[in-house]
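Scroll down for the structure; my scribbles are underneath it.
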């Protein structure tokens, strides 16, 4: 895949899929800025990248914090041309037990966070006439996810709609906008979201590839979407899920 030296911002880069994306993009020669609330995790990600990385502590729900982080990135590296929105949270919560606060928090982190970061970065891409935005949804945004995931599925479904709308709006300006919708991936968030051994076993048995996904699987798909080779790919939802959902 063709690569030009560009500045990439990855949210949620302190662990899991975000960390995998950071490492992959750094290995491709991109200059990477990591944005997360977990400073210790970002430090570990930077070590794994093996190259210069700017670490910005910011909550994607906080518009001012995100904007300040992007100012830091521009000051250190220059204009942003690639944005990968990964930051997210997860939990299983039956709908009848769901509070408005739980609902609001899930949508704030996933959907509003994606909006905040995109809004803060897109001006650089518009000025350059080139950009790559990759949003992270989930297979739950395509199939509803299952019991206890109504808030999560709604947030991820919203990201898919947001991606498609932006692809229409930004495409004429040379900016592609695509969405990754992973299946079950081995991440700290999944391990902390009450995924039991029984659920894991069912996920493996139900997938033609017979394994749980790894962050590197998603990073590989992201690597294509941010490359020059993906210039004709926009508004798409790519779902690396081992074939469990087709």
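The values are calculated or read from the model by the stated rules, or taken from the named source; none is laboratory data. It should be emphasised that the depicted structure is a prediction, and the values quoted were computed from it without experimental measurement. Positions of Cβ are backbone-derived with ideal geometry, glycine not excepted, and every protein chain shown enters the neighbour counts.
Return a yes/no flag: does the range 33-40 have any residue that is part of a helix (DSSP H, G or I) and modelled with pLDDT of 95 or more. Don't jump to the end; show me each part of the working.
Here is the first cut: in the range 33-40, the ones part of a helix (DSSP H, G or I) are 39-40.
Now restrict to residues that are modelled with pLDDT of 95 or more: 39-40.
So far as the range 33-40 goes, yes, one or more of its residues are part of a helix (DSSP H, G or I) and modelled with pLDDT of 95 or more.
Is the range 122-142 home to any residue that is surrounded by fewer than 20 Cβ atoms within 10 Å (Cβ to Cβ) and under 17 Å from residue 180 (Cβ atoms)? Give the steps one after another, and end with the answer.
If we filter the range 122-142 for residues that are surrounded by fewer than 20 Cβ atoms within 10 Å (Cβ to Cβ), which is where we start, we get 123, 126-130, 142.
Then keep just the ones that are under 17 Å from residue 180 (Cβ atoms); that gives 142.
Yes: the range 122-142 contains one or more residues that are surrounded by fewer than 20 Cβ atoms within 10 Å (Cβ to Cβ) and under 17 Å from residue 180 (Cβ atoms).
Only residues in the range 143-168 that are more than 18 Å from residue 113 (Cα to Cα) count as the first member; pair them with residues that are assigned to a helix (DSSP H, G or I), Cβ under 7 angstrom, at least 6 apart or cross-chain, and list the lot.
Short answer, once both residue conditions are applied: 144/153; 145/152; 145/153; 149/140; 150/95.
For the range 149-180, give me each residue that is outside any helix (DSSP H, G or I) and either surrounded by 20 or more Cβ atoms within 10 Å (Cβ to Cβ) or at pLDDT below 95 (or both). Spell out the reasoning first.
Taking the range 149-180 first, the residues outside any helix (DSSP H, G or I) are 149, 174-180.
Matches in the range 149-180: 149, 175, 176, 177, 178, 179, 180.
Being over 17 Å from the mean Cα position of the chain (by Cα) and buried (at least 18 other Cβ atoms within 10 Å of the Cβ) narrows it down to one of 111, 48, 54, 83, so name that one.
Values: 111 fails: over 17 Å from the mean Cα position of the chain (by Cα); 48 fails: buried (at least 18 other Cβ atoms within 10 Å of the Cβ); 83 fails: over 17 Å from the mean Cα position of the chain (by Cα).
Being over 17 Å from the mean Cα position of the chain (by Cα) and buried (at least 18 other Cβ atoms within 10 Å of the Cβ) holds for just one of 111, 48, 54, 83, which is 54.
When you look at residue 190, is it in contact with a helix residue (DSSP H, G or I) (Cβ under 9 Å, 6 or more places away or on another chain), on the phi < 0 side of the Ramachandran plot, in a helix (DSSP H, G or I) and modelled with pLDDT of 95 or more, yes or no? Let's see the steps before the verdict.
Working: in contact with a helix residue (DSSP H, G or I) (Cβ under 9 Å, 6 or more places away or on another chain): yes; on the phi < 0 side of the Ramachandran plot: yes; in a helix (DSSP H, G or I): yes; modelled with pLDDT of 95 or more: no.
Judged against the criteria, residue 190 is not a match.
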